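The structure is given below, and queries will be raised subsequently.
Nothing in this text is a laboratory measurement; each read-out follows from the coordinates by a stated rule. Only a predicted model underlies this, so the values are computations on that prediction, with no experimental measurement involved. Every residue, glycine among them, receives a Cβ derived from its backbone with ideal geometry; neighbour counts consider all protein chains shown.
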Amino acid sequence: MITYLDEPPGSAGLVIVGGGVVGAATAFYAAQMGLHPLVLERRAALSTLTTPASTGAFRLQFDNREELELVRESVALFLSFNNVTGQGNYDLAVRQQGYLWLTTDERRAGRQRTLVVQQHSWGLDDVELLDGDEVRSRWPYVRDEVLQARWRAEDGFLDPKALTLGLVAGSRAPVCTGCEVTGFRTSNGRLIGVETNRGAVACEAAVIAAGPFSGVVGALAGLRLPLTTVARHKVVMPEVPEVPPGAPMTIDDDTGAHWRPALRGAYLLYTDPTTPPSPPVEDVTPDHRFAQGLLDPASPVSVARVSDFWERVWARGAAHWFMQSGHYTMTPDHRPLLGPSDLPGLYLNTGYSGHGIMGGPAGSRRFIDVLTGRTLPEDNAFRPDRTFSPRDLDVL
């Protein structure tokens, strides 16, 4: 069970600012190293901001080896979650139904072929290239226009709230909710404590794991972090009988529109790379034009473009839907910030750029290795003071 405190204690070994999946994973691995973590969450409950708005999915089909290896470690945790965490109250409900990336464009098909060769060279040799006929023989809902797909059967889905709460329960770290960080105390140029709306907590180390509010929290210490926040939306359709419950995450590789089975229907998403950054807010306003764009077959980003049954769902018109919205916390190279900030004693574990569910657990383990000196700065590929090389957005 999770230990909730009525008031924050006077001191802690490591103060973790943020009660989403990254803060929870930080607490778990910190506790394993004997650091006596304390989780502070300004909202009334854990896992109530961006974590539950996520797709709740994981994959190893990345375009770079660093993130592939990062998520590979997280997946090992997912598949042995209760044994590793030592708790049995939170079940991840892992479903390895695969990721299927579909293309109707010959140039995109060529890029798929190149990427799969790279992935095989990195040891990910279970990614398959399928021609259109083979795709349709396995998934009859795929349209005739699809020329090719890349497919990995071991990718899948999980429950992100269970992941967060299970990690906190496994850490046995105390949690104080409704506790907002308002500042940081320093002495001789280093951190000595965290100030909150409910009193100060003395500590020699604290970590900002506050998702989209990480930049806001960092500013309280005079930091300017290389982070932006971008609003993202998820369409939830809880009851859609046309959705095959055993289907994989199905992605239109040409547009980025994607869906996966969930509840007795589906989650639908689209990551528009032209969406401008916006300031983080507690409640992101849903944009219902987003849902119409995904569902209307006349839209250029409709999920019906590659999956024909969505056209019938639209024509039937009776399926209920609602939206969950949140922010991605983006870095210039779309990789996380793991390590010390410019204020000695204050650390960063943030900026997963849409990959917090799948990358956050392993990233937090690596962060704790940095914090404890088990990983040297020069060996930390995600150090916050690295040189950033911008790359294409990859957030599915």
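Could you size up the charge dipole of the range 99-153 around its Cα centre, putting +1 on the beta carbon of Lys and Arg and -1 on that of Asp and Glu, and report it in debye to the nearest 20?
Charge dipole of the range 99-153: 200 debye, to the nearest 20.
Only bridges with both residues in the chain count here: give the DSSP antiparallel percent, nearest 5.
Just about 70 percent of them are antiparallel.
Let me ask something else. Taking the Cβ of Glu204 as the centre, find all other residues whose Cβ is under 14 Å away and add up their charges (Lys, Arg: +1; Asp, Glu: -1).
After counting each charged neighbour, the total is +2.
Now a separate question. Tally Lys/Arg at +1 and Asp/Glu at -1 over every other residue whose Cβ is under 13 Å from the Cβ of Leu337; what's the total?
Cβ neighbours under 13 Å give a net charge of +2.
From the backbone phi of the range 200-209, what are the Karplus-calculated ³J(HN,Hα) couplings (6.51 cos²θ - 1.76 cosθ + 1.60, θ = phi - 60°) in whole Hz, Gly and Pro given as x?
Each residue's phi maps through the Karplus curve to give 9, 10, 6, 6, 9, 8, 9, 10, 8, 10 Hz.
Identify which of His233, His288, His355 has the largest mean-square fluctuation in a Gaussian network model of the chain, with springs joining Cα atoms closer than 10 Å.
His288
For the range 228-330, with the dipole built from +1 on Lys and Arg beta-carbon atoms and -1 on Asp and Glu ones, taken about the Cα centre, which of Pro300, Pro244, Ser325 lies farthest toward the positive end?
The Cα lying farthest towards the positive end belongs to Pro244.
Using amide H atoms built in the peptide plane, which far-off residues or other-chain residues are under 5 Å from Gly98 H to H?
Asp155, Gly156, Met249
Right, next: Projected onto the charge dipole of the range 187-299 (+1 at Lys/Arg Cβ, -1 at Asp/Glu Cβ, origin at the Cα centre), which of Leu191, Pro276, Gly265 gives the Cα projection farthest towards the positive end?
Leu191
Of Met33, Met237, Met330, which is the most mobile in a GNM of the chain whose springs link Cα atoms less than 10 angstrom apart?
Comparing Met33, Met237, Met330 in the GNM, the peak value goes to Met33.
Moving on. Taking θ as phi - 60°, what are the ³J(HN,Hα) couplings along the range 318-326 by the Karplus curve (6.51, -1.76, 1.60), each to the nearest whole Hz, with x for Gly and Pro?
My calculation for the range 318-326 gives 9, 6, 7, 8, 9, 10, 10, 10, x Hz in order.
By Kyte-Doolittle mean hydropathy of at least 1.0 and Cα axial length of at least 15 Å, which whole DSSP H helices of the chain are selected?
21-32
Which of Arg59, Arg366, Arg316 ends up with the largest GNM mean-square fluctuation for the chain, with Cα atoms connected below 10 Å?
The residue with the greatest mean-square fluctuation here is Arg316.
For the range 308-393, which chymotrypsin sites (Phe, Trp or Tyr not before Pro) are both in a DSSP coil and crowded by at most 14 other Cβ atoms within 10 Å?
Passing sites in the range 308-393 are Phe388.
What are the ³J(HN,Hα) couplings of the range 137-149, residue after residue, when phi is run through the Karplus curve with 6.51, -1.76, 1.60 and θ = phi - 60°? Round to Hz, x for glycine and proline.
Each residue's phi maps through the Karplus curve to give 5, 8, 10, x, 6, 6, 6, 5, 5, 5, 8, 6, 8 Hz.
Long-range amide H contacts for Leu348: which residues qualify at under 5 Å (H placed 1.01 Å from N, peptide plane, sequence gap of 5 or more or a different chain)?
The answer is Ile208, Gly339, Ser341.
Could you please report the charge total around Asp133, scoring K, R as +1 and D, E as -1 over all other residues with beta-carbon less than 15 angstrom from its beta-carbon?
After counting each charged neighbour, the total is -2.
With +1 assigned to the C-beta of every Lys and Arg and -1 to the C-beta of every Asp and Glu, and no other charges, what is the dipole magnitude of the chain about the Cα centre in debye, to the nearest 20?
600
Spit out the partnerless Cys residues in the chain, using Cβ distances under 4.7 Å as the pairing rule.
If one checks each Cβ against the other cysteines of the chain, Cys203 turn up with nothing under 4.7 Å.
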